[in-house]
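Each remark here refers to the structure printed beneath this line.
The values are calculated or read from the model by the stated rules, or taken from the named source; none is laboratory data. From a predicted model like this one, the values you see are computed outputs, not experimental measurements. Quick reminder, even Gly has a Cβ in these numbers, built from the backbone with ideal geometry, and neighbours come from all protein chains shown. Calculation scope for accessible area: heavy atoms of the full protein, side chains included, ligands and nucleic acids excluded. Shrake-Rupley method; radii C 1.70, N 1.55, O 1.52, S 1.80 Å.
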Amino acid sequence: MHNETFDETHDETDDVTHDVTLLPGDGIGPEISRTVLDILEAAGAPIRWHECVGGVTALETVGEPLPQATLDSIETTAVALKGPLTTPIGSGFRSVNVALRKHFDLFANVRPALTLLPSARYPGVDLVIVRENTEGLYAGIEHFIGMENDPRAVAESVMLITRYGSRRIVRFAFEYALAHGRRLVTLVHKANILKYTQGLFLEVGRQVAAEYEGRVEFDDRIVDATAMQLVLDPYQFDVIVTENMFGDILSDLAAGLIGGLGFAPGANLGERAAIFEAVHGSAPDIAGRGIANPTSLLLASCLMLDHLGETSTAARIRAALRRTLDEGAARTPDIGGTARTAEFGEAVIERLEGDTA
Ligand code: NAI
C-alpha cells in the first residue's frame with residue numbers, strides 16, 4: 001500500500017482524510033491491529049492507512065528490520081500507529097523502537113494512566129507521565145575499563161542531560177497541561193544525589209515553570225519518594241515530567257496501578273512525526289492464538305485521533321470501550337475471560353453510539 005498518492009488533506013477543514021502509516025507489528029501485533037482497524041472503521045474515523053513492515057516481520061519479508069520504505073512513509077504522513085515489534089535477544093539487530101525514536105527525534109514519550117478496568121487496584125486514577133525519550137542513561141554512552149587481566153573490571157555509563165533537551169521536555173509538559181486542562185506539573189528528579197545532571201534538569205525545569213506561573217501549578221519531587229507516593233496516593237498527581245530512565249520505570253509503575261500493561265498506551269512525539277503504540281510487547285507466548293487484548297493499541301489509536309484533531313471520534317471509542325469493560329463483556333483471558341480478540345472488538349463496536357461532540 002506504500003504507493004498510494006498522498007493528497008493535501010492535512011488541514012483544519014471538517015472533511016479531512018488523514019494519511020497514517022500502519023505498522024501491524026510482530027507476534028500479536030497483526031491480530032490486535034486488525035481489531036483496532038475494524039473499530040476505527042466502524043467509528044467512522046477518516047483515515048487512509050499506508051501499511052508498512054518493521055521488526056522481525058520486515059526482516060523475514062524484505063530482509064531488514066527497518067526498511068527505507070517504512071521510514072519514507074512516516075516521513076510523508078508524519079503519523080504512525082505501530083503494533084509491538086520483537087527485538088530478538090542476543091541476535092543481530094538493535095531495537096527498531098529505539099531506532100525510530102532516534103531517526104525522527106521523538107523526544108517526548110507521553111503515557112497516560114487512566115483506570116478503565118473496574119477490577120483495577122486503584123479506581124479513578126487519571127495521570128500522565130511525560131518522559132524524556134532521547135537523553136539520560138538511555139543515550140547508551142557506556143564502556144568498560146580494563147584493569148590488570150580483566151578487560152571488564154569497570155563499567156561506566158554517562159547520564160547525558162542537556163539544557164536544550166531539559167527545556168524542550170519540560171516546556172512540552174506544560175504545553176500538554178495547558179492543552180488538556182491539567183492543573184499541575186510535577187518534575188521528578190534525583191538532584192539531591194546527582195547534583196550536576198539531575199541538578200541541571202531541575203534548574204531548567206524551575207526556569208520553565210516560572211514562564212507558566214499562574215496558569216499551571218508546579219512542584220518537584222525526588223524520584224524514590226515519588227514511587228512511594230504513587231502507590232500510597234496516586235490521586236495527588238496530574239502530569240509528571242521526568243528524565244528517560246525514571247520515566248520508563250514510573251510509567252510501568254503507573255500502568256500497574258490501573259490494571260497492567262494491557263491498558264497502557266504511549267505516544268512518541270517530536271517536531272517531525274508522532275508514533276502511537278501500545279506499551280506492551282509482541283507477546284510471543286500467545287501470538288497467533290487470537291486471544292490478545294487489543295485495549296492498549298486501541299487506546300493508542302485514540303491518542304492518535306486526538307493528535308489528528310478527531311477528538312469526538314476518540315471520545316466515542318473510549319466511551320464504547322469503557323462500557324464494554326464496565327459490563328464485563330467479551331473479556332479476553334488476560335482479564336479473566338475466555339473471549340477472543342475479534343469478539344472483544346465486536347463488543348466495542350456494538351457499544352459505539354452516535355456523535356458525542
Ligand atoms: P510482552 O509485553 O510482549 O509480554 C509480557 C506478558 O504480557 C506476556 O505473558 C504476554 O502474553 C502478556 N501480554 C502482553 N500484551 C498482551 C496483550 N495485549 N494481551 C494479553 N496479554 C498480553 O513482553 P516480553 O515478553 O518481555 O517481550 C516480547 C517481545 O516484545 C520482545 O521481543 C520485546 O523486545 C518486544 N517488546 C516490544 C515493545 C514495543 O514494540 N513497543 C515493548 C516491549 C517489548
Student exercise, the chain dipole from Lys, Arg, Asp, Glu Cβ charges, in Debye to nearest 20: 940
Nitroxide proxy distance, nm - points 7 Å out along Cα→Cβ at THR17 and VAL158: 4.8
Candidates LYS82, LYS195, LYS102, ranked by Gaussian network fluctuation over the chain, Cα under 10 Å, top entry: LYS195
For region 115-256, share of DSSP beta bridges that run antiparallel, in % to the nearest 5: 30
Contour excess over end-to-end distance, with Cα ends at LEU253 and GLU60 and 0.36 nm allotted per residue: 66.0 nm
Positive dipole terminus of the chain, leading residue within ASN109, LEU66, LEU269 (C-beta point charges): ASN109
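With every protein chain present, what is the per residue accessible area of the chain (1.4 Å probe, Å²)? Each step should come with its number before you reach the end.
Details: 16300 Å² over 357 residues.
About 46 Å² of surface per residue is accessible.
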Accessible area of region 65-175 belonging to carbon and sulfur atoms, whole % at 1.4 Å probe: 55
Unit Cα scatterers, Debye sum, the chain: log10 I(q)/I(0) for q = 0.14 Å⁻¹: -1.25
Spatially proximal lysines relative to LYS82 (Cα-Cα < 19 Å; intrachain offsets below 8 disregarded): LYS102
Cβ-based net charge around GLY256, under 13 Å, with every Lys or Arg adding one and every Asp or Glu removing one: +1
Extension reserve of the ALA225-ARG94 stretch, reckoned as 0.36 nm per residue once the Cα distance is removed: 43.8 nm
For the chain, built as a Gaussian network whose Cα springs stay under 10 Å, the top-fluctuating residue of VAL20, VAL216, VAL110: VAL216
Positive-end residue, region 126-257 charge dipole about Cα centroid, Cβ charges, pick of TYR196, SER166, GLN207: GLN207
Inter-probe distance in nm under a simple model that places probes 7 Å from Cα toward Cβ, at HIS143 and ARG206: 3.5
Test item: Cα-centred dipole of region 251-336, Lys/Arg +1 and Asp/Glu -1 on Cβ, debye: 220
Percent RCO, i.e. relative contact order, over region 126-257, from Cα pairs under 8 Å lying at least 6 residues apart: 36
Qualifying chymotrypsin sites (Phe, Trp or Tyr not before Pro) for region 190-278 [loop in DSSP, other Cβ within 10 Å: at most 12]: TYR196
Percent of beta bridges antiparallel (DSSP, region 32-162, rounded to nearest 5): 100
Share, in percent, of DSSP beta bridges within the chain that are antiparallel, nearest 5: 45
